[in-house]
Amino acid sequence: MKIRAIAFNTLKEAIRDRILYLLLFFALICIAFSRLLALLTIGDRVKIIKDVGLTSISLFGALMAILIGTGLVYKEIDKKTIYTLLSKPIQRYQFLLGKFLGLVLTLFIMLLLMSIIFLALIFFHTFTVEWQMLIAILYVFLELCLITSVALLFSCFSTPILSSIFTLSFYLIGHTAWGLETLIKKIKPGFGKVLAQGLYHFLPDLENFNFKTEIVHSLPIPPSIYLYSTLYGVFYTLFVLTLALLIFRKRDFI
Amino acid sequence: MALAINIENLHKSFSLGFMLKKKKILKGISLEVNEGEIFGYLGPNGAGKTTTIKCILGLIFPEQGKIELFGQSHLSLPAKARTGFLPENPYFYDHLTANEFLTFYSQLFSIKKNEREEKIKDLLQTVGLQQSAGLQLRKFSRGMLQRIGLAQALLNEPSLVLLDEPLGGLDPLGRKEIRDIIVRLKEEGKTVFLSSHILQDIEMICDRVAIIVNGEIINQGALQDLISEKILFTEIDLSGVEEKELEGLGEFLSGHGERGLLKVFKEENVEKVLELVQSRKGKIHSLIPRTETLEDLFVGMVKQK
């Protein structure tokens with residue numbers, strides 16, 4: 001009940017934040033822009049709409065997770081609301097989990113809104129509801145959960161600007177780390193290869209959640225890949241949340 | 001008498017600045033607060049008052065020392081459930097209305113839904129905010145924030161209420177109202193731990209006090225034991241006597257024309273001044289014997305330290 005109360009307060013705080021609506025507005029414009037882009041393209045117009053639409057949802061979802069996620073815990077500390085909150089009979093992990101769930105709930109609602117607009121836009125072209133798009137969006141959601149946990153981790157000990165930079169770096173590295181795999185294959189055995197292999201295992205691989213191309217082009221995806229990506233997302237998020245908790249539980253609120 | 005707060009040998013330092021230089025904030029604080037009393041925690045700015053309170057609430061972890069609330073560890077949830085806290089310069093979620101805010105906090109105390117509404121209504125009435133229940137906290141004045149802060153501190157009907165500078169920044173009327181609420185809390189059997197540097201208020205309502213300077217408690221005890229009842233001097237507001245005639249009897253503080261304020265240190269001199277005024281057919285407008293105040297004690301001790 002306590003975690004739920006904190007989660008709903010976080011949701012309330014987030015949905016009363018103007019930044020969220022600004023991002024949502026731009027996301028919807030981008031989704032709508034895909035229609036314009038499709039008109040200018042030769043070939044399968046619907047595929048362009050799907051491609052640009054899904055990318056917009058993923059990108060703006062990540063921006064929402066980073067900007068709101070890094071701000072909310074810091075705001076509690078900066079504005080000292082955390083003093084009265086933690087003096088109540090709650091454990092610190094309940095506070096952090098409540099914050100995390102509140103943010104995840106906010107992102108879920110935002111993704112839902114964007115998905116409805118996106119599916120409606122496709123419907124106007126194909127006159128069918130393309131439910132399989134939701135699979136790609138579901139994995140975007142899993143990715144956003146992980147980004148939120150990272151944003152939360154950084155905001156436990158850092159300012160919003162630094163946390164945003166760190167989390168954004170995590171996002172960018174996460175989407176480019178797959179390049180290391182190619183590098184490992186091409187590099188000669190030795191220190192360089194060991195280093196690249198070490199980095200590849202250490203750095204996050206957010207491409208695990210990217211099923212956009214496969215879904216848009218209706219390519220087959222084996223269930224084992226889905227399972228791997230789900231487990232990767234869940235365990236990575238739990239790992240980051242545990243780290244955040246370890247830092248948060250011993251932190252002094254001066 | 002049972003102890004509401006028991007602190008033994010509390011030490012805390014903070015690493016400050018770029019070089020993370022360690023600064024000792026609390027240097028072996030020991031305190032005992034009895035159940036049912038109003039305990040004043042006095043000290044100049046930066047003495048360690050708020051740090052002590054944060055240690056009690058588990059917001060800061062001391063390096064050394066023991067803190068117990070009602071005989072239990074201060075970090076235990078049952079101890080926290082019996083405690084209410086109002087921070088200095090309270091700031092709350094400004095996107096919430098007073099009603100929403102108290103509802104949120106009452107959920108943290110696991111107060112049942114059917115009890116919640118009634119309790120919140122009563123509390124808003126107690127702190128005089130019943131008219132502002134639907135107003136967002138961002139529209140609250142400082143005094144109103146202090147009141148809603150007090151309301152959230154009392155949501156769980158706590159046995160112990162910790163108030164950090166509750167009277168700071170309030171107008172005289174607001175101060176009186178908060179003071180009255182604190183006294184009422186004591187009458188209801190609650191323990192109040194009050195940190196302040198507004199000494200008149202502490203003197204008016206506290207049973208016992210502790211004075212902290214530079215992270216050390218330099219004196220603590222019942223107010224009547226700390227402050228001597230000996231008359232320090234007498235202030236006489238008189239007229240009809242020449243200033244020259246009063247020389248040697250006291251110190252002339254102010255005056256215009258025939259009227260003046262005389263500060264007399266010896267009791268026999270007070271008699272002499274009265275006789276002189278009578279003989280010159282003058283007038284005594286007021287005669288006030290001044291005993292030691294908490295302020296005198298406090299200023300003396302801080303200077304000494």
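The values are calculated or read from the model by the stated rules, or taken from the named source; none is laboratory data. From a predicted model like this one, the values you see are computed outputs, not experimental measurements. Note: ideal-geometry Cβ built from the backbone for every residue, glycine included; neighbour counts use all protein chains shown.
Would you pick out the residues in the range B:69-85 that are more than 10 Å from chain A (Cβ to nearest Cβ) and touching a residue at least 40 places away in the same chain (Cβ under 8 Å)?
Within the range B:69-85, B:69, B:70, B:71 meet the criteria.
How about the range A:188-206: which of its residues are surrounded by 16 or more Cβ atoms within 10 Å (Cβ to Cβ) and assigned to a loop (DSSP other than H, G, I, E, B)?
Hits for the range A:188-206 are A:204, A:205.
Within the range B:146-169, track down each residue that is under 18 Å from the mean Cα position of the chain (by Cα) and of a type outside the set (Gly, Ala, Ser).
B:146, B:147, B:150, B:154, B:160, B:161, B:162, B:163, B:164, B:165, B:166, B:167, listed by residue number.
Residues that are away from chain B (no Cβ under 14 Å), within 17 Å of the chain's Cα centre (by Cα) and closer than 22 Å to residue A:161 by Cα: does the range A:115-126 have at least one?
No, the range A:115-126 has no match at all.
Determine, yes or no, whether residue A:168 is assigned to a helix (DSSP H, G or I), touching a residue at least 60 places away in the same chain (Cβ under 8 Å) and of a type outside the set (S, T, N, Q).
Criteria met by residue A:168.
Name the residue that is surrounded by the most Cβ atoms within 10 Å (Cβ to Cβ), counting only residues in the range B:211-249 that are without any contact (Cβ under 8 Å) to a residue 40 or more places away in the chain and outside any loop (DSSP other than H, G, I, E, B).
So the residue we want is B:246.
Of everything in the range B:262-275, what is touching a Gly at 6+ places or on another chain (Cβ under 8 Å) and either crowded, with 17+ Cβ neighbours inside 10 Å or of a type in the set (S, T, N, Q) (or both)? Give them in sequence order.
The answer is B:262, B:264, B:269, B:273.
Enumerate the pairs (first residue in the range B:51-68 and within 11 Å of chain A (Cβ to nearest Cβ); second residue anywhere and among the aromatic types (Phe, Trp, Tyr) and surrounded by fewer than 19 Cβ atoms within 10 Å (Cβ to Cβ)) with beta-carbon separation below 8 Å, excluding pairs fewer than 6 apart on the same chain, so at least 6 apart or on different chains.
Sorted first by the residue in the range B:51-68, then by its partner, the pairs are B:54/A:253; B:55/B:61; B:59/A:253; B:60/A:253.
Sort out which residues of the range A:85-114 are more than 16 Å from the chain's Cα centre (by Cα) and hydrophobic (A, V, I, L, M, F, W, C), and write them in order of number.
Correct list: A:85, A:86, A:90, A:95, A:96, A:97.
Limited to the range B:103-124, what total is found for residues that are without any contact (Cβ under 8 Å) to a residue 24 or more places away in the chain and either within 8 Å of chain A (Cβ to nearest Cβ) or in contact with a His (Cβ under 8 Å, 6 or more places away or on another chain) (or both)?
4
From the list B:96, B:124, B:102, B:129, exactly one residue is crowded, with 19+ Cβ neighbours inside 10 Å and over 27 Å from the mean Cα position of the chain (by Cα). Which is it?
That would be B:96, the only listed residue that is crowded, with 19+ Cβ neighbours inside 10 Å and over 27 Å from the mean Cα position of the chain (by Cα).
Modelled with pLDDT under 85 and either buried (at least 22 other Cβ atoms within 10 Å of the Cβ) or among the small types (Gly, Ala, Ser) (or both): which single residue out of A:61, A:43 fits that description?
None of the other options fit; the residue is A:43.
Among B:100, B:37, B:88, which is of a type in the set (D, E, K, R), within 14 Å of another protein chain (Cβ to nearest Cβ) and touching an Asp or Glu at 6+ places or on another chain (Cβ under 6 Å)?
B:88
I'd like to check something: does the range A:196-212 contain any residue that is under 22 Å from residue A:58 (Cα atoms) and in contact with a Lys or Arg (Cβ under 9 Å, 6 or more places away or on another chain)?
Yes, that holds for at least one residue.
Determine which member of the set B:261, B:246, B:287 is within 33 Å of the chain's Cα centre (by Cα) and over 30 Å from residue B:197 (Cβ atoms).
B:287
Could you look through the range B:132-155, keep only residues that are closer than 21 Å to residue A:7 by Cα and among the polar types (S, T, N, Q), and pick out the one that is surrounded by the fewest Cβ atoms within 10 Å (Cβ to Cβ)?
Result: B:136.
Across the range A:207-254, what is the number of residues that are within 14 Å of another protein chain (Cβ to nearest Cβ), surrounded by 12 or more Cβ atoms within 10 Å (Cβ to Cβ) and in a loop (DSSP other than H, G, I, E, B)?
4
Please pick out the residue among A:105, A:113, A:119, A:101 that is without any contact (Cβ under 8 Å) to a residue 60 or more places away in the chain and outside any loop (DSSP other than H, G, I, E, B).
Answer to the check: A:119.
Considering the range B:180-203 alone, what residues qualify as being more than 9 Å from the chain's Cα centre (by Cα) and in contact (Cβ under 8 Å) with a residue 24 or more places away in the chain?
Once the filter is applied, which keeps residues that are more than 9 Å from the chain's Cα centre (by Cα) and in contact (Cβ under 8 Å) with a residue 24 or more places away in the chain, the range B:180-203 yields B:181, B:182, B:183, B:185, B:186, B:189, B:190, B:191, B:192.
Could you check residue A:52 against (1) crowded, with 19+ Cβ neighbours inside 10 Å; (2) aliphatic (A, V, I, L, M); (3) closer than 20 Å to residue A:147 by Cα and say which number it fails?
(3)
Can you tell me which of (1) touching an Asp or Glu at 6+ places or on another chain (Cβ under 6 Å); (2) among the small types (Gly, Ala, Ser); (3) surrounded by 14 or more Cβ atoms within 10 Å (Cβ to Cβ) is the one residue B:282 doesn't meet?
Of everything listed in (1) touching an Asp or Glu at 6+ places or on another chain (Cβ under 6 Å); (2) among the small types (Gly, Ala, Ser); (3) surrounded by 14 or more Cβ atoms within 10 Å (Cβ to Cβ), residue B:282 misses just condition (1).
Considering (1) surrounded by fewer than 21 Cβ atoms within 10 Å (Cβ to Cβ); (2) away from chain B (no Cβ under 12 Å), say which one residue A:79 fails and leave the rest.
Unmet for residue A:79, out of (1) surrounded by fewer than 21 Cβ atoms within 10 Å (Cβ to Cβ); (2) away from chain B (no Cβ under 12 Å): (2).
What tally of residues in the range A:1-41 results from selecting those that are within 14 Å of chain B (Cβ to nearest Cβ) and either of a type in the set (S, T, N, Q) or not in a helix (DSSP H, G or I) (or both)?
Counting residues in the range A:1-41 that are within 14 Å of chain B (Cβ to nearest Cβ) and either of a type in the set (S, T, N, Q) or not in a helix (DSSP H, G or I) (or both) gives 5.
Starting from residues that are of a type in the set (A, V, I, L, M, F, W, C) and more than 20 Å from residue A:250 (Cβ to Cβ), keep the ones in the range A:65-84 and report whichever is farthest from the chain's Cα centre (by Cα).
Here the residue is A:72.
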